[in-house]
Amino acid sequence: MSEIPKAYEPGKIELKWYDSWLKQGYFTPEIDPNRKPFVIIMPPTNVTGELHLGHALTATLEDIMVRWHRMKGEPTLWLPGTDHAGIATQVVVERQLARRGQTKDEIGREKFIELTWEWANKSRGSIRRQHQLLGASCDWTRERFTLDEGPNRAVWTAFVRLYDKGLVYRGERMINWCPRCQTALSDLEVEHKDIIGHLYYVRYPLTRGDGFVTVATTRPETFLGDTAVAVNPHDKRYKNLIGKSVSLPIIDKEIPIVGDEAVDTSFGTGALKITPAHDPTDLEVAQRHNLPLVDIMNVDATMNENAGPYQGLERFACRDRVLADLEGKNLLEKIEPYSHSVGHCCRCQTMIEPKVSLQWFVRTQPLAKAAIEVVKDGRIKIIPEHFTKIYLDWMENIRDWCISRQLWWGHRIPVWYCQNCGKLMVSVDEPSTCAYCGSRQIIQDPDVLDTWFSSALWPHSTLGWPEDSDDLRYFYPSSVMETAYDILFFWVARMIMMGLEDTGQIPFHTVYLHGLIRDESGEKMSKLRGNVTDPREAISKYGVDALRFALTTGTSPGNDTNVGKGKLESSRNFVNKLWNATRFILQSLDVEKLGAQTTGLKPQRIEDYWIDSQLNRLVKGVTELMEKFQFGEAEQQIYDFVWSKFCDWYIEIAKIRLRSQLAPSPYPFLASTLEKSLRLLHPFMPFVTEELWQSLKMRLLPFAGNDTAMMPPSIMIAPYPIAEDKAFAPEAERVMDSVIEIVRSIRNVRAQYKVKPSKWIAARVYTGGLLSKLSAEANMIETLAKARPVTILGRQKRESTKDKELVLVLKEAEVVVPLAGMVDRLAEEQRLIRESEEIKGRITQLEARLRGEAFLEKAPAQVVEKEKQKLAMLEDKLRRLHQELSQLNSSSADS
Ligand SMILES: [Zn+2]
Ligand SMILES: [Zn+2]
């Protein structure tokens, strides 16, 4: 009879099983119009890099859900994919070019895109392989990439439709500009950092008469773009100046002083310089007063022709020169330190330059209205619930979304400009001539769309939209969108807006937000700290199942989780425990020998009914937890059952039955309990459960009769256990709970009195309602507790004795352990007295030392403190010894 290897070697079975599942086509669902499918569209992984633990957590949580629903018999689709990650990928490839001494402009757009495709394809292959390594059971036949033809057409279609409805427009607006990436960024792509800078007080001379107005600014170089000074009309200091004008220093340009209620009189001097082309608040003031816009910077943040003598200088070099010049003219009144929040590019960390620029925008408010509705009325549920409020707050204050990027890598904007008549065309199909004048002189908009524009369409673009495909009709809307909480706005909110807009339906029913992964001490993982766990290293050291288990135990929706060596090791120990338990059962499960003596897989004795009932309770609990997305807790409960109940108690009890040759054999039932537990565990630990299940199945089939649970060729398509009312056996649980409690209490006594493992001790058990039931299990109690004889008696039989005894009061029984047989009471008493005397001696010495003035004066404070602590510890020990001594003397049946 074949045996499973002695030690579990994950590397040997993981690839074998993944390939087999893939070959059998288990990951690809069949469309069955009579059944509701379960669908997860995987958040597309950025092509920019290797998978980290965050991806592994996403993949594991989704795989748990997907495997669970598949085992429940639902047609299950998990659609994988990757994201071209526009700006991030472009930055990576630009850096590679820079290492070769080249720039993207030198090699040109076409060649650059070709290089980026090469890089992206390589990266996509490695992302796919890593997901497979993790056991992700996604349907690779439906894998998508955001730049694939289908999703690309979806992007253009969505853009054109929004444009036709007036929801996409081109306009000059204030945007966030990254001078390094040389592109516009959306508000979400800007990271705000607190910076200690300076507040510069600059004097602007009045054009008539003497005097000047002093303005305060953090960016003095922007004075070159000032078109007014604004003051609050209620500000007595400046009221009379409204309507007059000042002259900009150095360049001698006259600008008006305007009154605007929005000016904060408490900031700086209360007089505000207005640079409308480079500040969002200033732009609003300018619009109210019809002030002109003067852009003073080039795209790389050097000063342009509007900067007069400063043209060509880089922005910070310009600042230094401006300050020196102002000082020279005595126009710099003072400089104060000033801490403020400054935006930085989330991709390259360059300081953002706010800038008015001609860009494409989505008018988001009308879209947000519908997206608010579906969350408010519960059609989309966000888990955990408290993110609902955060979502609604953001949506209610949403601003127009800048979607054009001055990049090369991404979806080109489907807009063409006619060089002849100047009109523009917006179209899904590329035009060859101008639709208005027939000219062939048309050029496409050079910009690409924000990456999040294509990811916003992901749930429907991956299923074939805008075509009315079978997949779209059957699998859309999807069931769960599972992702990290930090991209709720970047992505989830936009998917809801665009899904509703494009399809008229919600994109998913539930949003499950998971937390971030931190190291064992709760610190954020970062390369700088050196506390990053590489998933591939963890896999080769602990195996995939242990990694998955470590990542997800203790997780709950929306909360961060800690992962490190300890958790990985304990997960691996659990896998080994399972392996060894199965191995033990398989060794003893000899079909030929047992055939005659077994009645099959049904419970026969009380412990069988007990474990069966406990397993049934577990199934019920796990199912409820899974429905509430509490996967971490579900996993913990399975772990506790397998380790503590099944291995520590049930298998030990079964061994007694085997040793005493009591027919019928416990093994077929033991094996079938394990088999069911493996099915319960499969979504969490797919590989080891498949390997063990296959071995168990071979041995169990002869006993299975018409039990179909074991018929499928793989555990991943076997049914997930369902709780059955008839399996509950409360009376068996009551008796076994009591047996376990009695055994535990006797074991504790043995440990407390350091009884040698080979020594048997006696015990009496007095019980009320369980007399006959416990009497029947006396042998079990004796063997497990190493106590003989164990006499089970009714409570009325309880008599007082003169012997020293320990009494343990339990839920349904009292256990009486005579001390006489257990320890040599006299010897024990002498040991305790001897130990107490010794401690007393040491206490006296220490006390004397601590009273000595010489010691207290000379010794450093921490030495004195240490000695005091030592004294406290000794005193505590003495107290405990006295307690033990008095317990020894007073313990008796009736005390
Ligand atoms: Zn940047
Ligand atoms: Zn034209």
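The values are calculated or read from the model by the stated rules, or taken from the named source; none is laboratory data. Everything numeric here is computed off the predicted structure, so don't read it as measured data. With ideal geometry, Cβ positions are generated from the backbone for all residues, glycine too; neighbour counts draw on all protein chains shown. In case anyone asks, the SASA skips ligands and DNA or RNA and just uses the protein heavy atoms, side chains included. Shrake-Rupley method; radii C 1.70, N 1.55, O 1.52, S 1.80 Å.
Here the translational diffusion coefficient of segment 254-385 follows from Stokes-Einstein with Rh set to the Kirkwood radius across Cα pairs; for 37 °C and 0.692 mPa s it amounts to 174 µm²/s. Rounded to the nearest 20, the size of the Cβ-charge dipole of the chain about its Cα centre is 2680 debye, with Lys and Arg at +1 and Asp and Glu at -1. For segment 157-225, the solvent-accessible area of protein heavy atoms averages 42 Å² per residue (probe radius 1.4 Å; ligands and nucleic acids excluded). Here the Karplus relation 6.51 cos²θ - 1.76 cosθ + 1.60, evaluated at θ = phi - 60°, turns the backbone of segment 62-73 into coupling constants of 5, 5, 4, 4, 5, 5, 4, 5, 4, 5, 6, x Hz, with x for every Gly and Pro. Distant-in-sequence amide contacts of His344, defined by a placed amide H-H separation under 5 Å and a gap of 5 or more residues or a different chain, comprise Glu191, His192, Lys193, Ile352. Across segment 61-217, C-alpha contacts under 8 Å between residues 6 or more apart give a mean separation that, scaled by the residue count, equals a relative contact order of 21 percent.
Amide H to amide H, with H built 1.01 Å from N, Ile382 comes under 5 Å of Val511, counting only residues 5 or more places away or on other chains. Put simply, when 171-177, 403-409 are sorted by average Cβ atoms within 10 angstrom per residue, most first, you get 403-409, 171-177. If I compute solvent accessible area with a 1.4 Å probe over the protein chains, what percent of it on the chain is carbon and sulfur? That fraction is 49 percent. Taking Lys and Arg as +1 and Asp and Glu as -1, the other residues whose beta-carbon sits under 14 Å from that of Gly522 total 0. The local environment of Thr217, defined by Cβ-Cβ distances under 13 Å, has a net charge of -1 under the rule Lys, Arg +1 and Asp, Glu -1. For Lys389 and Lys193, the difference between the fully extended length at 0.36 nm per residue and the C-alpha to C-alpha distance is 68.0 nm. Excluding residues fewer than 8 places away in the same chain, name every one of the aspartates and glutamates whose C-alpha is closer than 20 Å to that of Lys877. Within the straight-line cut-off, Lys877 pairs with Glu828, Glu829, Glu835, Glu837, Glu838, Glu847, Glu865, Glu867.
Quote the FRET efficiency, to the nearest 0.05, computed for Glu333 versus His289 with a Förster distance R0 of 30 Å and r equal to the Cβ-Cβ distance. Working from the Cβ atoms, E equals 0.70.
For the peptides 212-218, 440-446, the ranking by packing is 212-218, 440-446, with the highest mean count of neighbouring Cβ atoms within 10 Å listed first.
Taking a ≥ b ≥ c as the square roots of the Cα gyration tensor eigenvalues, segment 779-895 comes out prolate, since a/c reaches at least 1.5 and a/b is larger than b/c. What is the calculated FRET efficiency for Gln796 to Ala776, with r their C-beta to C-beta distance and R₀ = 25 Å, to the nearest 0.05? Step by step, r from the Cβ atoms, then E = 0.80. Applied to segment 173-180, the Karplus parametrisation 6.51 cos²θ - 1.76 cosθ + 1.60 on θ = phi - 60° returns per-residue 3J(HN,Hα) values of 9, 6, 10, 8, 10, 9, x, 7 Hz, with x for Gly and Pro. Bridgeable lysines around Lys193 (alpha carbons under 30 Å apart, same-chain partners fewer than 8 residues away excluded): Lys104, Lys273, Lys334, Lys355, Lys389, Lys524, Lys527. A 1.4 Å probe run over segment 608-708, with the rest of the protein chains in place, finds 32 Å² accessible per residue. Each label point was placed 7 Å from the Cα along the Cα-to-Cβ direction; for Glu9 and Met698 their separation is 1.8 nm.
Rounded to the nearest 10 degrees, the angle from helix 565-588 to the longest Cα principal axis of the chain is 40 degrees.
Note: relative contact order over the chain, using C-alpha pairs below 8 Å and six or more positions apart, is 11 percent.
The mean accessible area for residues of segment 336-454, using a 1.4 Å probe and ignoring ligands and nucleic acids, is 47 Å² per residue. Full extension of the segment from Phe584 to Asp19, taken as 0.36 nm per residue of separation minus the current Cα-Cα distance, would add 200.6 nm. Distance from the alpha carbon centroid of segment 476-518 to that of segment 609-636 works out to 28 angstrom. Applied to segment 276-282, the Karplus parametrisation 6.51 cos²θ - 1.76 cosθ + 1.60 on θ = phi - 60° returns per-residue 3J(HN,Hα) values of x, 7, 9, 7, x, 5, 4 Hz, with x for Gly and Pro. Residues with beta-carbon under 13 Å from that of Ile606, excluding Ile606: net charge, scoring Lys, Arg +1 and Asp, Glu -1? Around Ile606, the surrounding residues sum to -3. Note on Arg879 and Asn576: with the Förster distance fixed at 30 Å, the Cβ-Cβ geometry gives a FRET efficiency of about 0.10. Here is the link list: Lys36/Lys376; Lys655/Lys759; Lys253/Lys423; Lys12/Lys567; Lys381/Lys577; Lys541/Lys577. Which ones come out longer than 27 Å on Cα distance? Pairs exceeding the cut-off: Lys253/Lys423; Lys381/Lys577. Sorted on the mean count of surrounding Cβ atoms within 10 Å across their residues, most packed first, peptides 187-199, 353-365, 290-302 read 353-365, 290-302, 187-199.
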